[in-house]
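The values are calculated or read from the model by the stated rules, or taken from the named source; none is laboratory data. From a predicted model like this one, the values you see are computed outputs, not experimental measurements. Virtual Cβ from ideal backbone geometry, glycine too; neighbours counted across all protein chains shown.
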Amino acid sequence: MRKRVKDFSRFVILAVILSLIFILSAVAKAQDRGEEILKKVEDQTIGSLAPADIQAEMAMVIRNAKGDEKKRELMVWTKNNPVGDDWRLMKFLSPADIKDLGLLVLGEDQIYLYLPEFQRVRRIASHNKKESFVGSDFSYDDLGTSGFSAFFSPKLKSEDEKVWVLELLRKPGAKKQYSKIIMTVDKATGLPVRLELYDDSGELFKVETQENSRVGKYWIPIKFAMENVKAKTITTMELKNVKVDQKLSDEIFAERNLKRTVIK
Amino acid sequence: MNGKKIKKIFLIPIILVVFNLLALPGYTQTRFDFSGMIKLFLSFYASRNQEGPYFYHHSGDFAFKRIESRLALNAMVSDNVSARVRLDAFASPEALFSNKDFPEAGILASPGQTEPFELSLYEAYVKINHFLLKNLDLTVGKQRIQWGTADKLNVVDNLNPLDLANFLTFDPDYYLERRPQTAVNLEFYPFKDSKLQLVWLPSRQYSPLPSGFSEMLKANLSALPEPEINLTTETSALKNTNFGLRFSTVLAKVDMGLSYYRGNYSLPYIQGVELSSPIEPSLSQVYFKYPKKQVLGIDLSGELKSIGWWAELARIQPESVSAWFDSYLFMGGQLIPVALRFDLMEKFYWQWVIGADYTFSVADGLYLNLQYLHGLFDEAAFSSQAKTYFGLRKGMWFGELQDYLAGKAELRLLKGDLKAAVNSMVELSSGKSSAIFYPSVEYKIHDAVFLSAGAILATGDRTQTKFGSFSRDRIVYLMTKVSF
């Protein structure tokens, strides 16, 4: 009898160890797959398969819970920086009160805002990145650099014929607004089509959807919609007249250009 | 050639170029953009003050009412050549502005006096990118050139004088604002994030002073019998113009700038006092001048653990100004004239500011900003004799350097469409404490349409502190703005 109990105990321990090994290997595999898929995404957005630069006009529509709309027009330039964070410059064309306002992103902790009313360039510290950008549902962080892998640990959550679903968990110490992102990646384009963004308390905060289109030889996100789930507001951004690989010079992404008036 | 002539030489061609471009709509390359703003500002006194020293009023009186409009024209002549003109118009019904003592006095720096309706050419410049060299930009004309990293309390921002005329209107849009100056501004970019800037200001620069400025000075001179203010101005000559040089770069993700300025103080300082004979008493004469100075500056900004920070340090070296105090001593039954001569200011002195800001996750953001300042815009380090004979001290306007703690808390709601804020500044080292508070609420009714209300509340000793001198002038204001 005692021998049977001993054998059973050994069996249980072995089963537990095997289960753990199985689970851990499955998790590791999911993480490996997650990293592999996220690398594919980043190759398209900021890596070797991304355009060297993009220039476009952008239409932004902010809709509140009652359905009232506010419209903004801006010009956007981005440049793939092979040795660091990608660079981004945005200049507002309308409405009148924020006309000429400019945002220059040179890195995660190097963001500058040009305030035309005061003719002043102001550095935006990381604490401001959670803030709404010109009253929209996008934060400064959302409009910052496009990389994820430096700040999040990816894991493949599920997949079907058309999409992969990744779970991205914020790495300890990473200065990012969201604690978790559920990213749905379109297998055909290798680009995200939906991001569920969770706040620090782990609650769903915002949902971003994006439509990707072919521009030349590249797949590029052309339409974005950011919905604030709690406030029931939504902001859409649509790129128009998109031009890629224009060989934009580095000097465009500098204070010199941030202050320049843009007339359409 | 005097300063006004030099100014005209620069400004007239710029205005002609812009308006000629306007007259040529068929000129295919040039693109134009008009924008503007209309603003109504109304303020009331919420306290009674019949003792001055600056304002006399009953509670409920209008403090200031003004309609202001701005019209700006931007022209892109080509990818590399652009021009900008901004014209401001002010209508201040029932305004009584006159100030004969100071040529720069008046709301808009009009010589002599300010009218109830005024036009001001705020900016007018032409900018040429890639001027001669790919890395060189040239801007010529009336322009704002901002130096420094601090929030308004800059100690190295010397190229544009503070707009002190509007300082006393208590319009928050003009809180420590600086006025554009006619300048030749060369900006050279040796590397992507580095800039070498050389600025030449063809005429001397003076702060526009408020109506009643001489009364303000007389309040500082209460020990003198019937002081009469005299201002010594120097004619701006080509050899006597101002210039500045600044190199800025980014090192280890810290923005930094090194600057040098050689020019004049934009505010007048007391230089001499002549007391009349006690036997035949008459007016005492007090003389003011705008001394020259050199300023070496350094400014830094960056972030640490998500907290934004900035710092500015300025070493100010005034020209050697000989001050005088002429009086009489009654000795042995005789009146003996006494003529004292001494340096007005110390050989050099320091001004500095450090600050930090952070946004907390409360509502749509609770923004906090703190700055510690040594030396407000009007202060200087005076010699011990100047302090003794002119009565200069801490806790008075145009007095000795002292320390301040400035703070701002702003709660943002409705994605920033609604903002409730309190700005404050505390005088720390005058011996007696004083503070000024600016609570305000701003609501963005629609895109480009703002409504705001606020108050200016000062507290402290009325005779021994700077802010305390306004403690009986509590003001409530209402403001609307429409941009187009």
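Miscellaneous remarks
- Residue in the stretch A:136-155 that is touching a residue at least 24 places away in the same chain (Cβ under 8 Å), over 16 Å from the mean Cα position of the chain (by Cα) and within 14 Å of another protein chain (Cβ to nearest Cβ) present: no
- Of all residues in the stretch A:107-132 being crowded, with 21+ Cβ neighbours inside 10 Å and more than 8 Å from every other protein chain (Cβ to nearest Cβ), the one that is farthest from A:Y198 (Cα to Cα): A:Y114
- Lone unmet requirement of (1) within 14 Å of another protein chain (Cβ to nearest Cβ); (2) part of a helix (DSSP H, G or I) for B:E442: (2)
- Test: residue in the stretch B:334-346 that is more than 25 Å from B:S384 (Cα to Cα), surrounded by fewer than 19 Cβ atoms within 10 Å (Cβ to Cβ), without any contact (Cβ under 8 Å) to a residue 60 or more places away in the chain and away from every other protein chain (no Cβ under 14 Å): yes
- Residue check for B:R472: basic (K, R) and assigned to a loop (DSSP other than H, G, I, E, B): yes
- Top-ranked residue in the stretch B:160-178 [being within 12 Å of chain A (Cβ to nearest Cβ) and either in contact with a His (Cβ under 8 Å, 6 or more places away or on another chain) or closer than 19 Å to B:S203 by Cβ (or both); ranked as surrounded by the most Cβ atoms within 10 Å (Cβ to Cβ)]: B:R178
- In the stretch A:72-88, the residue that is surrounded by the most Cβ atoms within 10 Å (Cβ to Cβ) out of those that are within 13 Å of another protein chain (Cβ to nearest Cβ) and within 18 Å of the chain's Cα centre (by Cα) is A:W87.
- Every test in (1) touching a Leu at 6+ places or on another chain (Cβ under 8 Å); (2) in contact (Cβ under 8 Å) with a residue 24 or more places away in the chain is passed by A:L74 save one, and that test is (2).
- Tallying residues that are surrounded by fewer than 17 Cβ atoms within 10 Å (Cβ to Cβ) and of a type in the set (D, E, K, R) within the stretch A:239-259 yields 6.
- Test: residue in the stretch B:419-428 that is assigned to a strand (DSSP E or B), within 14 Å of another protein chain (Cβ to nearest Cβ) and out of contact with any His (no Cβ under 9 Å at 6 or more places or on another chain): yes
- Exactly one residue out of B:S194, B:S259, B:S277, B:S266 is hydroxyl-bearing (S, T, Y), surrounded by fewer than 21 Cβ atoms within 10 Å (Cβ to Cβ) and in contact with a Phe, Trp or Tyr (Cβ under 7 Å, 6 or more places away or on another chain): that is B:S277.
- Which numbered condition B:L405 misses (of (1) away from chain A (no Cβ under 14 Å); (2) surrounded by 20 or more Cβ atoms within 10 Å (Cβ to Cβ)): (2)
- Among residues of the stretch B:291-323 being of a type in the set (G, A, S) and more than 11 Å from chain A (Cβ to nearest Cβ), the one that is nearest to B:G244 (Cα to Cα) is B:G297.
- For the stretch B:128-141, the criterion of a residue being surrounded by 18 or more Cβ atoms within 10 Å (Cβ to Cβ), at pLDDT 90 or above, within 19 Å of the chain's Cα centre (by Cα) and not in a loop (DSSP other than H, G, I, E, B) is satisfied by no position.
- Just one of the numbered conditions (1) in a strand (DSSP E or B); (2) modelled with pLDDT under 95; (3) crowded, with 20+ Cβ neighbours inside 10 Å is not true of B:Q371: (2).
- Test: residue in the stretch B:451-472 that is out of contact with any Cys (no Cβ under 6 Å at 6 or more places or on another chain), at pLDDT 90 or above and of a type in the set (D, E): no
- Pair list, Cβ under 6 Å, 6 or more apart: the stretch A:77-93 residue within 14 Å of A:E42 (Cβ to Cβ), other residue assigned to a strand (DSSP E or B) and modelled with pLDDT under 85: A:D85/A:G107
- For the stretch B:348-362, the condition holds for no residue, the condition being that it is crowded, with 17+ Cβ neighbours inside 10 Å, more than 14 Å from chain A (Cβ to nearest Cβ), in contact with a helix residue (DSSP H, G or I) (Cβ under 7 Å, 6 or more places away or on another chain) and touching a residue at least 40 places away in the same chain (Cβ under 8 Å).
- When residues of the stretch A:92-106 are limited to those that are surrounded by fewer than 21 Cβ atoms within 10 Å (Cβ to Cβ) and aliphatic (A, V, I, L, M), the one nearest to the other protein chains (Cβ to nearest Cβ): A:A96
A quick yes/no check of all residues on (1) β-branched (V, I, T); (2) surrounded by fewer than 18 Cβ atoms within 10 Å (Cβ to Cβ):
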{"position": "B:F382", "(1), (2)": "no, no"}
{"position": "B:K415", "(1), (2)": "no, no"}
{"position": "B:L418", "(1), (2)": "no, yes"}
{"position": "B:V449", "(1), (2)": "yes, yes"}
{"position": "B:S452", "(1), (2)": "no, no"}
{"position": "B:I456", "(1), (2)": "yes, no"}
{"position": "B:T459", "(1), (2)": "yes, yes"}
{"position": "B:S469", "(1), (2)": "no, no"}
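- Given (1) crowded, with 16+ Cβ neighbours inside 10 Å; (2) of a type in the set (K, R); (3) within 28 Å of A:K155 (Cα to Cα), index of the condition A:K39 fails: (1)
- Scanning the stretch A:95-109 for residues that are without any contact (Cβ under 8 Å) to a residue 24 or more places away in the chain and among the hydrophobic types (A, V, I, L, M, F, W, C) gives a single hit, A:A96.
- Lone unmet requirement of (1) modelled with pLDDT under 85; (2) over 21 Å from the mean Cα position of the chain (by Cα); (3) part of a strand (DSSP E or B) for B:L258: (1)
- Only one entry in B:L283, B:L267, B:L258, B:L300 is closer than 26 Å to B:T149 by Cα and without any contact (Cβ under 8 Å) to a residue 60 or more places away in the chain, namely B:L258.
- Checked against the criterion of being free of Cβ contacts under 8 Å to residues at least 60 places away in the same chain, buried (at least 17 other Cβ atoms within 10 Å of the Cβ) and of a type outside the set (D, E, K, R), the stretch B:387-399 has no qualifying residue.
- Any hit, the stretch B:157-165, residues being more than 29 Å from B:L392 (Cβ to Cβ) and not in a strand (DSSP E or B): no
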